[in-house]
Amino acid sequence: MPELPEVEVVRRGLARWVRGRTITAVEVLDPRSIRRHALGTEDFIGNLENSTVLDVVRRGKFLWMPLRTEEPRSAGNAAEPPGGAVSVETTPGVALMAHLGMSGQLLMQDPAVPDEKHLKVRLRLSSSDGMPEELRFVDQRIFGGLFVTSLVPTSDGGPGGQGETPLPEIAEEASHIARDPLDAHFSFDEFYRKVKARKTGLKRALLDQGVISGIGNIYADEALWRARLHYAKPTDTLKRADAVRLVDAAKEVMSDALAAGGTSFDSLYVNVNGASGYFARSLDAYGREGEPCMRCSAVGLPGVIKREQFMNRSSYTCPICQPKPRNGRW
DNA sequence: TGCCGAACCTGAAAGC
DNA sequence: TGCTTTCAGGTTCGGC
């Protein structure tokens, strides 16, 4: 399942292959994968063809490619400017936005390679010295998607510095997303203020991309386990020292996952070359129901990882070293 | 205003 | 063997 490390692995791979190349043709095989492009398939294709990819940048799990457009056009999800299309000089920046959702893949492929079973969108790129000529969006569960969006000015340091060039613009749909723990501009004080202001459980806050981005179900469980905190701990009772430990744990687990090429449980997550990551082998809590807690067993305690339903998904905790809050309070 | 649950979606695995 | 049910979870949206 793509979370921040997986999206970053994809971003790095993609940047190597597509930066500076022109999109020469676009084929939408399943319009459901561009349903967030409000102006429809023809507009989506029209916005992309003959555009040049400037970079590949990311905030949280949103990934986008700022485009240099050669002809006047309307940004797909932006309000139509008065009088219709505007001149090249005044056209706001546009970008191709991607979210991988649960099962989305962005693959660089040679045109001779047979179509994947769940291929949804195909971008043909200009020829470039031995590089694959197709960028394919493959998505089994169709939770992810592509759309063209406007870039809006930002004064907070850009998307997060993951691109080659620090851009003073951010994709409109990503502007409400908080920075992730690996972002050089991540502010602990901002995170702690937002968490304390929430009146909910700790894991729900971790999964709120407006509080902290990039954390999904897997890394939320791993970070909570490493920080010895229970998912249901009320956010307004979170001590600063606990929050520091939690953010450090999130940074650590995601850095480790990034170094391992991401977490793969099945074929649903692969990098742009179709290869799986190896971090699943290093998970301490997620997916380990019924197995001894590594930390407890190391000191002779009988902790066994337990799976519970929370927010319509599974949460894995050790009842010994991540005790449940009593009466909802600690 | 902000929290929370439902819905979206498909294939693999489990159960019968 | 084949059919049905359950499960996986990121994001959005509507209800409260």
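The values are calculated or read from the model by the stated rules, or taken from the named source; none is laboratory data. Quick caveat, the model's predicted, so the values are computed rather than measured. Glycine gets a Cβ as well: all are built from the backbone with ideal geometry, and neighbour counts include every protein chain shown.
Key figures
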| read-out | value |
| --- | --- |
| Tally, over segment A:110-123, of residues that are of a type outside the set (Val, Ile, Thr) and either more than 16 Å from A:Thr41 (Cβ to Cβ) or not assigned by TED's automatic domain parsing to the domain that holds A:His37 (or both) | 8 |
| Among (1) within 16 Å of DNA strand B (Cβ to nearest atom); (2) surrounded by 14 or more Cβ atoms within 10 Å (Cβ to Cβ) - the single one A:Asp284 does not satisfy | (1) |
| Unmet criterion (only one of (1) part of a helix (DSSP H, G or I); (2) more than 13 Å from DNA strand B (Cβ to nearest atom); (3) at pLDDT below 95; (4) buried (at least 16 other Cβ atoms within 10 Å of the Cβ)) for A:Gly277 | (1) |
| Residue match in segment A:307-318 (condition: of a type outside the set (S, T, N, Q) and modelled with pLDDT of 90 or more) | yes |
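This table checks each residue for (1) more than 26 Å from A:Arg307 (Cα to Cα); (2) among the basic types (Lys, Arg).
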{"residue": "A:Glu190", "(1), (2)": "yes, no"}
{"residue": "A:Leu207", "(1), (2)": "no, no"}
{"residue": "A:Tyr219", "(1), (2)": "no, no"}
{"residue": "A:Ala223", "(1), (2)": "no, no"}
{"residue": "A:Leu229", "(1), (2)": "no, no"}
{"residue": "A:Asp236", "(1), (2)": "no, no"}
{"residue": "A:Arg245", "(1), (2)": "no, yes"}
{"residue": "A:Asp256", "(1), (2)": "no, no"}
